[in-house]
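Before any comments, here is the structure.
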Amino acid sequence: MQSLSHEFLVLSRQLGQAQQRCSARLVAQAAHIESLQAEIVRLRAAVMVRDTRLAMAHEALESQLIDADWVICQTGCLSHDAYWRVEDHCRRTGKTCVLVDQALVSMPPHDVETIAVAPLPAAAVPAATVAGVLMRQTDPDEPENE
């Protein structure tokens with residue numbers, strides 16, 4: 001009977017050690033899960049920041065491209081005798097010419113300097129540059145080529 005009680009004590013001790021190892025593993029697993037969840041939150045935040053920056057850069061680039069197109073359109077239609085325009089359509093983009101709607105292109109050159117130039121987007125071209133282009137076009141001292 002003594003061997004049976006001794007065997008019970010050994011088994012109880014081993015069961016206690018197994019329970020301690022399982023408890024320690026469960027605590028370690030919970031800590032690891034918590035750290036992984038924190039990493040997920042950090043990574044999601046990083047993705048949101050990246051996507052926001054990409055969206056802002058895309059909007060800025062799109063705005064700059066629109067501004068550049070506007071300058072090219074004005075240059076081609078005002079300064080170069082409607083070079084890009086074919087029957088009220090832009091040869092470069094295939095779209096309807098935006099300056100036709102404003103009746104700026106169809107005015108005689110001497111009337112162009114007396115009206116306000118169609119409003120440019122904020123950072124497109126300084127007003128002095130546009131005015132200089134228009135003044136060079138309609139300089140009264142130059143002989144008209146007709």
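Taken together, the values in this text are just the output of simple stated rules run on the coordinates, not laboratory data. Since the model is a prediction, treat every value here as computed from it, not as a measurement. Here Cβ is always computed from backbone atoms with ideal geometry, including for glycine, and neighbour counts include all displayed protein chains.
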query: Which FRET efficiency value, to the nearest 0.05, is calculated for V27 and S3 with the Förster distance at 41 angstrom and r the Cβ-Cβ distance?
result: 0.65
- request: Enumerate the calculated ³J(HN,Hα) couplings along region 20-33 in order (Karplus 6.51 cos²θ - 1.76 cosθ + 1.60, θ = phi - 60°), each rounded to whole Hz, writing x wherever the residue is Gly or Pro.
  value: 5, 4, 5, 4, 5, 5, 5, 5, 5, 5, 5, 5, 5, 4
query: When the Kirkwood radius is taken over all Cα pairs of region 34-94, what Stokes-Einstein diffusion coefficient follows at 10 °C and 1.306 mPa s, in µm²/s?
result: 107
message: Taking amide H atoms as placed 1.01 Å from N in the peptide plane, list the residues 5 or more away in sequence, or in a different chain, whose amide H sits under 5 Å from that of H89.
response: C97
- line: Per the rule of 0.36 nm per residue minus the C-alpha distance, extending Q17 to D51 adds in nm 7.2 nm
- request: Calculate, in nm to one decimal, what L65 and Q37 gain on full extension: separation in residues at 0.36 nm each, minus their alpha carbon distance.
  value: 5.9 nm
